[in-house]
1. Six or more apart or on different chains, Cβ atoms under 8 Å: show the pairs whose first residue is in the range 485-506 and open to solvent by 40 Å² or more (accessible area, probe 1.4 Å) and whose second is in a loop (DSSP other than H, G, I, E, B).
2. If PHE4 satisfies all but one of (1) over 30 Å from ALA610 (Cα atoms); (2) at pLDDT below 95, what's the number of the condition it fails?
3. Determine if the range 82-94 includes at least one residue that is in contact (Cβ under 8 Å) with a residue 60 or more places away in the chain, open to solvent by 20 Å² or more (accessible area, probe 1.4 Å) and among the charged types (D, E, K, R).
4. Please work out if ASN223 is of a type outside the set (Asp, Glu), open to solvent by 20 Å² or more (accessible area, probe 1.4 Å) and out of contact with any strand residue (DSSP E or B) (no Cβ under 7 Å at 6 or more places or on another chain).
5. Output yes when any residue across the range 331-353 is of a type outside the set (S, T, N, Q), part of a strand (DSSP E or B) and within 23 Å of THR541 (Cα to Cα), and no when none is.
6. Please state which one of ARG216, ARG221, ARG254, ARG209 is assigned to a loop (DSSP other than H, G, I, E, B) and closer than 23 Å to LYS522 by Cβ.
7. Just to be sure I understand, how many residues within the range 550-609 are in a helix (DSSP H, G or I) and under 24 Å from ASN324 (Cβ atoms)?
8. Pick from the range 540-557 the residues that are modelled with pLDDT of 85 or more and among the small types (Gly, Ala, Ser): which of them is farthest from ILE399 (Cα to Cα)?
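The values are calculated or read from the model by the stated rules, or taken from the named source; none is laboratory data. These numbers were taken from a predicted model, which means no experiment stands behind them. Here the Cβ positions follow ideal geometry from the backbone for every residue, glycine too, while neighbour counts run over all protein chains shown. Surface areas here come from the heavy atoms of the whole protein model, side chains and all, with no ligands, DNA or RNA. Shrake-Rupley method; radii C 1.70, N 1.55, O 1.52, S 1.80 Å.
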Amino acid sequence: MKLFIAEKPSLGKGIAQYLPGPHKAGNGCIECDGGKQIVTWAFGHVFEQVEPDYYTPDNVPLTPKGKKKWRWDELPILPGTPPAGEWVLAPKEDAKAQIKVIRDLLKKADSVVNAGDPDREGQLLVDEILDECGWTGLQPARQTQRIWLAALDEQSVRKALGSMKDNADYQNLKLSAQSRSRADWMMGMNLTRAFTLTNKGSGVVSVGRVQTPTLRLIVDRDNTIDHFKPKDFFVPRIQTAKAGTSFWSAWQVREIDGLDGDNQLVNQAVAEKLAASAKASGKAMVAEYTAKEQQQQPPLGFSLAELQKACSAKFGMSAQQVLNAAQALYEDHKCATYPRSDCRYLPEEQFGDASKVMNGLSRLGYEDLVNGPAGGNGADSGKKSGIWNTGKVSAHHAIIPTGSMTGQVSGDNKKVFDLIVKQYLAQFYPPYVYKSTKIILDCAAEKWAVTGNVPVSPGWKTVFGLLTAEDDSEEDAVLSLPVLTKGETLVVTAADVQSKQTKPPSRFTDGTLIDAMSNIHKYVEDPQAKAKLKETSGIGTEATRASIMETLIKRGFIERKGKQVLSTTAGRAVIKALPDVLTNPATTAQWEDVLGAIADGKVTADKFEAAQRDFVTRLVGVAKQSNITVGDARPSGGSGGGGAGGKPKKAGPKCGACGKANTVVLHTKTGKDWLKCEACGAAFWPGKDGKTCGTQWAAR
């Protein structure tokens with residue numbers, strides 16, 4: 001029997017429908033070809049790294065929650081070397097039943113097909129199952145193949161089934177993913193513990209390869225805004241007219257006294273003199289005139305990041321809310337495709353399904369968008385936009401509607417689905433056409449310019465109600481300009497000076513923060529790191545960015561105020577305290593360079609892992625010498641307590657260990673009070689009288 005192990009149920013079912021019949025649904029699997037071929041599946045990673053406590057000695061004291069206490073004695077914890085021993089994976093609790101299904105099927109299999117997603121994580125995910133379930137290393141060895149699937153349409157699946165390769169050909173890809181996973185674990189687990197032990201406040205100082213640079217993004221932005229000093233600058237203008245149409249043209253910057261380093265005119269007297277000279281001249285000659293029709297193609301399909309950005313701007317939804325809605329549309333209502341996609345393109349092989357999808361959308365209430373406005377043209381299923389490009393499809397294609405629906409959608413789900421539908425249907429509308437005009441005038445020995453755009457044909461913008469969020473800017477404002485001829489003279493009817501001020505960057509929102517994480521290269525100065533981060537689509541993944549934001553909120557490092565995402569005092573303290581190598585996204589770029597080399601077979605995984613052990617060991621040493629105080633974070637996890645959550649600390653009784661009056665009252669997640677001495681770090685439960693320290697349970 002040949003056993004296909006897919007990364008997730010939807011992928012498994014997509015493969016099974018194109019295997020020979022008869023098909024029979026089984027327990028966690030589908031039997032095909034009379035039982036000669038069986039498709040089963042995982043639910044993403046079904047095994048995970050064990051907790052650090054597994055690797056530490058049994059005699060480590062316990063916290064009241066029954067977890068081993070965090071101590072310097074055990075750091076760094078480095079699996080793969082003594083005394084920790086080998087790396088160990090454990091089955092996820094909610095995946096144990098499916099693991100048993102897979103394990104039992106493997107006992108009956110003659111050959112296996114790794115049907116993970118076509119990327120390094122997909123390779124590792126299924127290979128881990130084969131390793132942990134005893135398939136790898138069987139003697140005599142049995143055949144293991146790899147199917148590489150980027151799309152689930154019939155043509156793509158049949159082509160992939162006919163071109164499967166030996167799974168061993170992809171082992172470097174597995175090692176690359178495994179190295180990333182182990183390095184993330186060593187960094188996160190060790191450095192979180194180390195900097196938490198250093199912290200003289202009350203909170204967990206959570207450190208992570210993606211989480212920490214993300215926090216720095218927000219802190220840097222907030223610091224820039226808080227220290228921003230607006231600067232006045234001035235824009236001289238002249239007004240001219242022809243055939244009843246008047247328009248203003250702005251002075252074109254040239255080398256002149258009064259400019260600052262940003263080429264802005266900051267001397268008001270110079271600006272007033274330029275305007276007065278132009279008014280006195282009374283005439284302006286047309287030095288340049290261009291007017292031509294331009295076309296704008298529809299925006300590409302949604303990746304998850306783009307969908308989160310759009311929903312944040314339009315509806316004020318958080319990144320997690322958008323992911324939850326998109327997941328419900330995919331799993332519960334089956335009306336949209338896989339949501340955790342980083343791709344905005346569609347495979348050309350699926351172009352033939354467009355009319356079927358549109359017919360389905362008509363039945364779901366989108367008939368007006370499919371057919372178009374009365375007297376106008378609607379969606380043309382034969383029109384092929386730039387979204388159709390198989391070469392640019394990664395592990396998943398853009399998020400699009402399926403054309404069918406289970407149940408009814410409402411609330412946030414409905415809002416998100418409407419956007420997905422409109423973005424898809426826009427692909428089948430004509431381009432937006434507008435007339436773009438540019439005029440440059442000569443007046444008083446200076447040049448003055450104006451540009452204007454006038455819509456000619458709305459095209460795909462009809463789907464969005466003519467204007468989209470991208471149009472909401474001064475540059476896109478409709479401005480009708482007269483037809484002119486080069487060399488003709490116009491009368492200057494007025495001149496003035498506009499007073500303006502520079503503005504700070506906007507605070508991050510969920511959407512703009514997701515966009516910044518996806519395009520982190522824009523925030524990096526080092527050219528090599530910038531290039532690598534651009535190539536690797538930023539920091540985090542479509543599947544993890546929303547949860548990273550929620551983790552930072554849970555830790556008390558960031559908070560939401562309306563649509564804005566702001567750093568807290570604790571978050572700023574963490575970034576100030578941590579070394580640059582942990583907060584700088586360039587570190588991730590360096591990792592990705594080596595991980596790519598591992599995938600290409602140019603660097604061994606052992607060499608990378610050894611380097612990461614050295615990196616972590618060195619930074620544990622840095623942590624020991626650090627002096628940080630993060631008192632208003634919200635701690636959680638194995639350190640045994642909760643923090644003040646940003647609220648002022650309440651003074652407690654005199655410390656029962658050192659005798660100093662330095663204890664503060666803190667709270668566990670369940671709201672239970674405990675006492676911590678800020679002088680010696682000892683922790684106590686309150687005494688029965690409420691006025692003294694009771695049982696001591698920790699002493700850092």
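1. Hits for this filter: VAL491/GLY282; GLN501/PRO230; GLN501/LYS231; LYS503/PRO230; PRO504/PHE228; PRO504/PRO230.
2. With respect to (1) over 30 Å from ALA610 (Cα atoms); (2) at pLDDT below 95, PHE4 is out only on (2).
3. The first filter runs over the range 82-94 and keeps only residues in contact (Cβ under 8 Å) with a residue 60 or more places away in the chain, leaving 87.
If we keep only those that are open to solvent by 20 Å² or more (accessible area, probe 1.4 Å) too, we end up with 87.
From what is left, the residues that are among the charged types (D, E, K, R) are none.
No: the range 82-94 contains no residue that is in contact (Cβ under 8 Å) with a residue 60 or more places away in the chain, open to solvent by 20 Å² or more (accessible area, probe 1.4 Å) and among the charged types (D, E, K, R).
4. On the way: of a type outside the set (Asp, Glu): yes; open to solvent by 20 Å² or more (accessible area, probe 1.4 Å): yes; out of contact with any strand residue (DSSP E or B) (no Cβ under 7 Å at 6 or more places or on another chain): yes.
Answer is yes for this residue.
5. Applying the first criterion (of a type outside the set (S, T, N, Q)) to the range 331-353 yields 331-336, 338-340, 342-349, 351-353.
Cutting the leftovers down to part of a strand (DSSP E or B) gives us 336, 346.
Now restrict to residues that are within 23 Å of THR541 (Cα to Cα): 336, 346.
Among the residues of the range 331-353, at least one is of a type outside the set (S, T, N, Q), part of a strand (DSSP E or B) and within 23 Å of THR541 (Cα to Cα), which makes the answer yes.
6. Numbers: ARG216 fails: assigned to a loop (DSSP other than H, G, I, E, B); ARG221 fails: assigned to a loop (DSSP other than H, G, I, E, B); ARG254 fails: closer than 23 Å to LYS522 by Cβ.
Result: ARG209 is the single residue among ARG216, ARG221, ARG254, ARG209 that is assigned to a loop (DSSP other than H, G, I, E, B) and closer than 23 Å to LYS522 by Cβ.
7. Filtering the range 550-609 for residues in a helix (DSSP H, G or I) gives 550-554, 569-577, 580-583, 586-599, 605-609.
Next, from what is left, pick out any that are under 24 Å from ASN324 (Cβ atoms): 550-554.
Total meeting the criteria: 5.
8. Only one residue tops the list, namely GLY556.
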